[in-house]
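Notes follow the structure.
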Amino acid sequence: MADLIAEIKALEANAAAAIAGAADADALAQVSHDFTGKKGALTGVMKQLGSLTPEERGEVGKAANAFKNKLDELLSAKESELMQAKFASLAETEFLDLSVTPPEYAAVRGSGAHSGHTHPITQTQRRLEEIFTSMGFSIVDGPQVEDDYHNFGALNFTDDHPARDMQDTFYTATGHLLRTHTSTVQIRALEGMKPPLRIIAPGRVFRYEEVDASHEHTFYQMEGMIIDRKVSVGNLLHLMQTLLTEVFGREVDVRLRPGYFPFVEPGFELDMKCLVCNGSGCSVCKHSGWVEVLPCGLVHPNVLRSAGLDPAEWQGAAFGLGLNRLVMMQHGIEDIRHFMAGKLDFLRQF
Ligand code: PHE
């Protein structure tokens, strides 16, 4: 019996040496196989148990188990050591240093390296999101591929409303459409949230449009909506003014005209004095001196009804800010087509 136990001890020393010398996970698996596998060294020792008394067998069995446990311990320690070494060497050879600045990068890659930044529309969108969330608004999102109900029907567009005309809307072969405005999210918010609520919904919209200096087929809006027990035109105007003052950092000249949108009553067009030409007339303001940036109004009772709200109990105000135009006013950009032209010379100015 003592011989067998001594043999197991010897196995332990050999196994420890083999593990210490293993270069990778495959080598470790081989050690495990050699010592404790079906045809491994330990099995060889155990085959000799036949000649022992039951007590002696018990002793050898204990030594064998201790050996197995020791082996497992050594194997897993070595495994994690190998793993760490592997990651350490990966970190040396395959790292991406995000803190490298353009001049350092240029030294390696040659000149012409510039650091990236957010698009001017994204910059203004984020600024507006800050302003609105500080006033208790939540930011919500909706799909860009929509159905007729969310883009038109629930927004009180009658079946024969001219805006449903193929001229304005991109339709898909499956009868869906690319949303023509972010007002779709008014409906989605009303479906998913309980009033009172305050939301903004920035996003991309699409129109089947003749493209020129002030029209694009793809542009950005930010929808805003408040639903509460009492909401007035006064609340709406205050909100609009706060917003524009914050964005431009000063009072801007605005004017309010009646505007028609099926989903608001009353509806308004809020124009601001064109900051590209300072009101003297240019291609951006179509030579009128004013630019429409903020159509708005009080939510039409039919919209509230289609969302299951009682107009006698709930009121709402909504606006649909044209982000592209606002950014054009902010920076004096004379052509809306610059935004999506992918011209770095243009983008680097912001
Ligand atoms: N959705 C309208 C448009 O894109 C703008 C709008 C939004 C008007 C909210 C009133 C209220 O033209």
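Please treat every number below as a calculation from the coordinates, not as lab data. Treat the numbers as computed from the prediction; the structure is a model and nothing was measured. We place every Cβ from the backbone using ideal geometry, glycine too, and count neighbours over all the protein chains shown.
Shown in residue order for the range 269-279 are the 3J(HN,Hα) couplings computed by the Karplus curve 6.51 cos²θ - 1.76 cosθ + 1.60 at θ = phi - 60°: 10, 9, 9, 10, 4, 4, 8, 6, 10, 6, x Hz (x for Gly and Pro).
For the chain, the longest stretch holding no GluC sites (Glu not before Pro) located in a DSSP loop with at most 10 other Cβ atoms within 10 Å is which? The reported range is 95-209.
Counting alpha carbon pairs within less than 8 Å and at least 6 residues apart, what relative contact order, in whole percent, applies to the range 4-104? Could you put the intermediate results ahead of the total?
Details: 49 pairs, mean separation 36.7, N = 101.
Once normalised by length, the contact order is 36 percent.
Over the chain, dividing the summed -39,500 (n - 2.57) contributions of all DSSP H runs of at least 4 residues by the number of residues returns a 222 nm mean residue ellipticity of -13500 deg cm²/dmol. For the chain, the relative contact order is 13 percent, taking Cα pairs closer than 8 Å that sit 6 or more residues apart in sequence and dividing their mean separation by the residue count. Projecting label points 7 angstrom from Cα along Cα→Cβ for Glu81 and Asp335 puts them 6.8 nm apart.
Annotation for the range 237-298 versus the range 204-220: alpha-carbon center distance of 19 Å. Computed extension length for Glu73-Gln349: 93.3 nm, one decimal, from 0.36 nm per residue of separation with the Cα-Cα distance subtracted. Taking label positions 7 Å along the Cα-Cβ direction at both Tyr171 and Thr101, the computed distance is 5.7 nm, reported to one decimal. Within a Cβ distance under 12 Å of Asp24, other residues only, what is the Lys/Arg minus Asp/Glu net charge? With Lys, Arg at +1 and Asp, Glu at -1, the net is -1. Taking all Cα pairs closer than 8 Å and separated by 6 or more residues, the relative contact order of the range 290-350 comes to 31 percent. Report the number of Lys pairs in the chain whose alpha-carbons are under 15 Å apart, with separation of 8 or more residues or on distinct chains. Going through the chain pair by pair, I get 11. The Ile139 and Ser89 beta-carbon pair, evaluated with R₀ = 30 Å, returns a calculated FRET efficiency of approximately 0.10.
Going through the range 183-276, which chymotrypsin sites (Phe, Trp or Tyr not before Pro) have at most 12 other Cβ atoms within 10 Å and a DSSP loop state? Intermediate results must be reported in sequence, preceding the final value.
On the way: sites: Phe206, Tyr208, Phe219, Tyr220, Phe248, Tyr260, Phe263, Phe268; in loops: Tyr208, Tyr260, Phe263.
Here the chymotrypsin sites (Phe, Trp or Tyr not before Pro) that fit, given the DSSP loop and packing criteria, are Tyr260.
Mean-square fluctuation check for the chain, GNM, Cα pairs under 10 Å: which of Met193, Met272, Met240 is largest? In the Gaussian network model the winner is Met193. Counting only cysteine Cβ atoms and a cutoff under 4.7 Å, the chain contains unmatched residues Cys296. For Tyr220, the amide hydrogen comes within under 5 Å of the amide hydrogens of Val205, Leu323, Asn324, counting only partners 5 or more places away or on other chains and with H modelled in the peptide plane.
Scan the chain and note any complete DSSP helix (H) whose C-alpha atoms cover at least 20 Å along its axis and whose Kyte-Doolittle average is 0.0 or more. Before the final figure, lay out each step's value.
On the way: long enough: 2-21 (29 Å, 0.95); 54-93 (58 Å, -0.62); 120-134 (21 Å, -0.79); 233-248 (22 Å, 1.04).
In the chain, the long hydrophobic H runs are 2-21, 233-248.
Within the chain, the longest run free of exposed loop sites, counting trypsin sites (Lys or Arg not before Pro) that sit outside DSSP helix and strand states (H, G, I, E, B) and have at most 11 other Cβ atoms within 10 Å, spans 40-228.
Can you give the convex hull volume per residue for the Cα atoms of the range 120-347, as a whole number of Å³? List each step's numbers first, then the result.
Numbers: hull volume 28.4 nm³, N = 228.
Cα convex hull per residue, to the nearest whole number: 124 Å³.
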